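A.B. asks: Would you mind keeping the following structure in view while I ask a few things?
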Amino acid sequence: MLSVLDALNGQLLAAMERAFPELTDPDPQLVPASKPEFGDFQANGALPLAKPLRQAPRQIAAAIVAQLGADSGFAELCEPPQIAGPGFINLTLRPDCLTAQVAARLGDPRLGVARAVEEAGGGSPAPVVVDFSSPNIAKEMHVGHLRSTIIGDCLARVLEFRGHPVLRLNHVGDWGTQFGMLITHLKQVAPEALEHPDAVDLGDLVAFYRQAKARFDEDEAFQSASREEVVKLQRGDPDSLKAWRLLCDQSRREFQKIYDRLDIHLDERGESFYNPYLQTVVDDLRDAGLLVVDDGAGCVFLEGMTGKDGNPLPLIVQKRDGGFNYATTDLAAIRYRFAPAPQGDGAGRVIYVTDAGQASHFAAVFQVARRAGWIPGSASVEHVSFGLVQGEDGKKLKTRAGDTVRLRDLLDEAVERAEADLRRRLEEEGRQEDDAFIAQVATTVGLAAVKYADLSTNRSTNYQFSFDRMLALTGNTAPYLLYAVVRIAGIARKGGDLAVCSGSVALGSGSASSASLRFSEPQEWALIRELLRLDAVIVEVETELLPNRLCNYLFELSQVFNRFYDQVPVLRAEEPARASRLALCGLTADTLKLGLGLLGIPTLERM
RNA sequence: GGGGUUGUAGCUCAGCCGGAUAGAGCGGCGGUUUCCUAAACCGUAGGUCGUGGGUUCGAGUCCCGCCAGCCCCGCCA
C-alpha cells in the first residue's frame, strides 16, 4: 500500500502549503495509525507547528483538513479525516479503495511488491554483496554460525526479491596462521592426511586442529615452524598448496551438507582469494600516507578510537614477521568488492553478517577503507551484527559436556523433536499417515522452527535458544504460521477448486475482478488491511536489514487470519461473499508463502 | 582504565523519524467445538520501561550521570 501512502503524503503536503504558505518546509509526518480505532494512517504534522505558527494545534489541523476537502483525489481515497487528541489527523481509507487494492494483488505474482530498480527508474543496478555464514576450514560448523547463515540468507532473499543483483559470499576461513599450525602438525603426526583425499574425516581434522592449537600456544619451536609454513603457503609453495587444498575439500563437503539441508546457496570466496591483493593493500596504504610502522608492525592509527592511555588505537595490517592478518584480508576484500568490474565486484552496498563482538574490528576496517578512498561516496557498507545464542541458563549455548554445539546435531535434534511431537499428535487424533509424510512434515517443521526462532527476535540482542519454545504450536513460532497455511489448503481441498482463490489463476487484469468482490464483515476488513501491509514491510526489511520485522508481520497476519477463519464462514457462505472470501484466503496463503519463502522456510499442505 | 552493547509484565520478546491510555506470546485464571484441521478463537489478571537528572507541546525512544549483565581493546578470525 506504499503507493497509496505516497499519494496521501503528497496531498497532505499540498494541503499544508495551501493552508500555511509561510511555512518553508512542512512535513505531514504521515505514519500508519498507532491503533486500529484511529483508522489507517495518522498525520502528526500539525503538532510541531503550534509554536512557529502561534496557533492551537487542533486549529492548525482543522485548517489542513479544510484544504484536504478541496482535493478530489483525496476524497477518492479517504473518508473525511478526523481530528483527534491534541491535534492528530486520522485518516481512514474508503472501502472501495481497499477493495481495489486487493483486486490488484489477486493476479500479481509479486503481490504488489515493486522492484527497487523500477522505483529508481531503470538503469543497471549495482550489486549488493551479502557476506555471511563464513565457517572456518578444519572446524565443524557450530551454533555460532547459525545466526550468520540464517540471517544472511534471509537478507539475501529479500534483496533478490526486490530486484537487486546479490552476491552471496561465503568468506570462509581458509587462510592464515591456523593452516600453518595444522599443516605443521599433520606433517609430523599424520602425513597421509596431506597426501590423499579422504585419509581423515572432518572429525579427525577438528581433533588435529585442537592439538595443533595447544602446541602452538606452548611450544615456541612449533610456533616458528608454523609461521614459516604460513609464509610458504602464502608464497605458493606447491606442496603446501596441495596439502591446503585437501584440507579445504574435506571441510567443504561437510559444510555443503548443512547448506543443502537448510536450502542455502552461497558462493565460496574465502580469505585465500584475497592473498594476491594483500601486499598492494599495504603498499597503497603506505602511499596514501596512512601506514605507520610501530614496534615493527605496519599500523594505521584510527581516528576517534583510543586505547588505555588515550592514544589512538592501531589497526595492524602487517605483522612484525612480515605476514598479513585478518585486517589485511578484510581490507583487501572491501576494496575488491567496491572496485569497478572487472577488477572487482562494483558493489553499491556491502553487508557483513557477523556477531556483534566484531563491531569494533569492522568499524576500524571501514574507517581505514574509507580514508584510503576505497569506498565510493554513493556506496554503503554495513555491519549487520547479531548477539550470542544463549542456552536457557542465559549463558553461551553449550552441550552438557561443555562443548560448543555442532550445527548438524542441533538440526537433527530439532527434526527428531518435531517428529516425536507429530507422532504423539497423530496417535491422539487416530490419524494414519505414512512414513514419508511424517518425515517430510518433521523435517520441514523442525528446520523451520530453528530458522524462525532465530529470525523472529531482533538480531541485535542475544537470544535464548529453546527447542520447547521454538517448536511450540502456539505463539510466535514457525508451526503456528505453517498451520495457518495448512488451514487455507484445507479450505481449498474441501472447496475443490484451489484455482478460485489462488493468485496464480488467470483472473485477467486484476481490475476486472474488483467489481465482483464484496466484503462486509469486520474480520474481512481487518484481514484486508493486514494483507496490504506486505510491500511496506518488505521495503523496511530491505532498508533496516531486520528480518524480525517480517516475522512479526507474518505472525500478525496469521493471527488476523485465524480470527477471520474462526468467525467468518467461507465455504458455507452465499455468493458473492463466498468467492470474495475464497479470494482473501488465497491472497493470505500467497502472502504467507511469499513471506515464509523470504525467511527461507517452505510451507506444507497438511501437517 | 577505554570503547561498544543490552536492561520493558512471572518467563521469552516487540516497540519504526520522539506522538494518543506501553504491546504480543507463553505461563496463570475463566470461557467457546453438530460447522472449512480446537495445532484455533474469546475474555481476564499482570508494568515506577534498571536508576537519577536534562531537552520539549509530547520521552520506553534523544542528551548527561550512575547501577547491573555481556562483548571488544597490537600482531587469532
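A.B. asks: Any idea of the accessible area per residue across segment A:363-482, 1.4 Å probe, to the nearest Å²?
C.D. replies: 49 Å²
A.B. asks: Tell me whether chain A comes out rounded, prolate or oblate; compute the Cα gyration tensor, take square roots of the eigenvalues as a ≥ b ≥ c, and use a/c under 1.5 as the rounded threshold.
C.D. replies: It is oblate, given that a/c is not under 1.5 and a/b is not larger than b/c.
A.B. asks: While we're looking at this one, here's another question. Once neighbouring chains are kept in place and the probe is 1.4 Å, which whole percent of the accessible area of segment A:347-408 is contributed by carbon and sulfur? The partial results should precede the final answer.
C.D. replies: On the way: 1400 of 2980 Å².
Looking at segment A:347-408 in its full context, I get 47 percent from C and S.
A.B. asks: Can you give the accessible area of A:Ile488, probe radius 1.4 Å, in Å² rounded to 10?
C.D. replies: 10 Å²
A.B. asks: Let me check I've understood the local charge: for A:Glu303, count other residues with C-beta under 13 angstrom from its C-beta, Lys and Arg +1, Asp and Glu -1. What total comes out?
C.D. replies: Local charge sum for A:Glu303: +2.
A.B. asks: In sequence order, what are the phi-derived ³J(HN,Hα) couplings for segment A:579-586 according to the Karplus relation 6.51 cos²θ - 1.76 cosθ + 1.60 with θ = phi - 60°, rounded to whole Hz, with x for glycine and proline?
C.D. replies: 5, 5, 5, 4, 4, 5, 4, x
A.B. asks: Measure off, as a whole percent, the carbon and sulfur share of the 1.4 Å-probe accessible area of segment A:91-143, all protein chains present.
C.D. replies: For segment A:91-143, the apolar C and S fraction of the accessible surface comes to 52 percent.
A.B. asks: How do A:Val389, A:Val189 stack up against each other in accessible area, from largest to smallest, with a 1.4 angstrom probe?
C.D. replies: Details: A:Val389 15, A:Val189 75 Å².
Largest to smallest exposure gives the sequence A:Val189, A:Val389.
A.B. asks: Shifting gears a bit: Once phi is turned into ³J(HN,Hα) by the Karplus curve 6.51 cos²θ - 1.76 cosθ + 1.60 with θ = phi - 60°, what whole-Hz value does each residue of segment A:65-78 show in order, with x for glycine and proline?
C.D. replies: After applying 6.51 cos²θ - 1.76 cosθ + 1.60, I find 4, 4, 5, 4, x, 7, 9, 5, x, 5, 5, 6, 8, 10 Hz.
A.B. asks: Counting only C-alpha contacts under 8 Å and six or more residues apart, can you give the relative contact order of chain A as a whole percent?
C.D. replies: Relative CO of chain A lands at 15 percent.
A.B. asks: Extension gain A:Glu416-A:Arg371, at 0.36 nm per residue separation less the Cα-Cα distance, in nm?
C.D. replies: Extra length from A:Glu416 to A:Arg371 when fully extended: 11.0 nm.
A.B. asks: Give the separation of the Cα centroids, segment A:356-432 to segment A:558-607, in Å.
C.D. replies: Their Cα centres are 31 Å away from one another.
A.B. asks: Separate question: Taking H placed 1.01 Å from N in the peptide plane, check which residues at least 5 places from A:Val129 or on another chain put their amide H under 5 Å from its amide H.
C.D. replies: Amide H neighbours of A:Val129, under 5 Å, 5+ apart: A:Leu167, A:Gly348, A:Arg349, A:Val350, A:Ile351.
A.B. asks: Can you sort A:Tyr565, A:Tyr326, A:Tyr274 by solvent-accessible area, 1.4 Å probe, largest first? Please report the intermediate quantities before stating the final value.
C.D. replies: Details: A:Tyr565 85, A:Tyr326 135, A:Tyr274 0 Å².
So, going from the largest accessible area down, we get A:Tyr326, A:Tyr565, A:Tyr274.
A.B. asks: Would you mind checking which residues have amide H under 5 Å from A:Lys398's amide H? H placed 1.01 Å from N; only 5 or more apart, or other chain.
C.D. replies: Residues meeting the amide H criterion: A:Gly391.
A.B. asks: Something else now. Using the alpha-carbon atoms, what tilt in degrees (0 to 90, nearest 10) does helix A:547-567 show relative to the longest principal axis of chain A?
C.D. replies: Between helix and principal axis, roughly 40 degrees.
A.B. asks: Excluding ligands and nucleic acids, what accessible area in Å² is computed for A:Arg371 using a 1.4 Å probe, to the nearest 10?
C.D. replies: Accessible area of A:Arg371: about 80 Å².
A.B. asks: Right, here's the next one. Using a/c under 1.5 as the rounded threshold, could you call segment A:329-436 rounded, prolate or oblate? The axes a ≥ b ≥ c are square roots of the C-alpha gyration tensor eigenvalues, and prolate needs a/b larger than b/c, oblate otherwise.
C.D. replies: prolate
A.B. asks: Could you work out the helix-only [θ] at 222 nm for chain A, with each DSSP H run of four or more residues adding -39,500 (n - 2.57) and the total divided by the number of residues, to the nearest 500 deg cm²/dmol?
C.D. replies: One gets -17000 deg cm²/dmol as the mean residue ellipticity at 222 nm.
A.B. asks: Between A:Glu428 and A:Phe301, what length comes free when the chain is fully extended (0.36 nm per residue of separation minus the Cα-Cα distance, one decimal in nm)?
C.D. replies: 39.0 nm
A.B. asks: Going down the table (A:Lys319/A:Lys395; A:Lys139/A:Lys232; A:Lys139/A:Lys242; A:Lys213/A:Lys398), which pairs top 24 Å between alpha carbons?
C.D. replies: Pairs exceeding the cut-off: A:Lys319/A:Lys395.
A.B. asks: How large is the accessible surface per residue of segment A:115-167, computed with a 1.4 Å probe and reported in Å² as a whole number?
C.D. replies: Accessible area per residue, segment A:115-167: 30 Å².
A.B. asks: Could you list which residues have their amide H under 5 Å from that of A:Asp355, counting only those 5 or more apart in sequence or on another chain, with H placed in the peptide plane?
C.D. replies: Amide H neighbours of A:Asp355, under 5 Å, 5+ apart: A:Phe386.
A.B. asks: Explain nothing, just compute: Karplus ³J(HN,Hα) = 6.51 cos²θ - 1.76 cosθ + 1.60, θ = phi - 60°, for every residue of segment A:200-210 in order, whole Hz, x for Gly and Pro.
C.D. replies: 9, 9, 5, x, 4, 4, 4, 5, 4, 4, 4
A.B. asks: Can you tally the net charge around A:Val113? Count Lys and Arg as +1, Asp and Glu as -1, for every other residue whose Cβ sits under 13 Å from the Cβ of A:Val113.
C.D. replies: -2
A.B. asks: I've got another one for you. Grab the Cα-Cα distance for A:Asn462 and A:Arg286, subtract it from 0.36 nm times how many residues apart they are, and report the gain in nm with one decimal.
C.D. replies: On the way: separation 176, 0.36 × 176 = 63.36 nm, distance 3.95 nm.
Between A:Asn462 and A:Arg286, full extension yields 59.4 nm more.
A.B. asks: Excluding A:Val292 itself, what net charge comes from residues whose Cβ is under 15 Å from its Cβ, given Lys and Arg +1 and Asp and Glu -1? Walk me through the numbers on the way to the answer.
C.D. replies: Values: positive: A:Arg286, A:Lys319, A:Arg320, A:Arg371; negative: A:Asp283, A:Asp284, A:Asp287, A:Asp294, A:Asp295, A:Glu303.
Combined, the nearby Lys, Arg, Asp and Glu give -2.
A.B. asks: Could you name the lysines whose alpha carbon sits less than 19 Å from that of A:Lys593, not counting residues in the same chain fewer than 8 places away?
C.D. replies: Qualifying lysines at Cα under 19 Å: A:Lys451.
The values are calculated or read from the model by the stated rules, or taken from the named source; none is laboratory data. These numbers come from a predicted model, not from an experiment. Quick reminder, even Gly has a Cβ in these numbers, built from the backbone with ideal geometry, and neighbours come from all protein chains shown. Note: areas computed on protein heavy atoms with side chains; ligands, DNA, RNA excluded. Shrake-Rupley method; radii C 1.70, N 1.55, O 1.52, S 1.80 Å.
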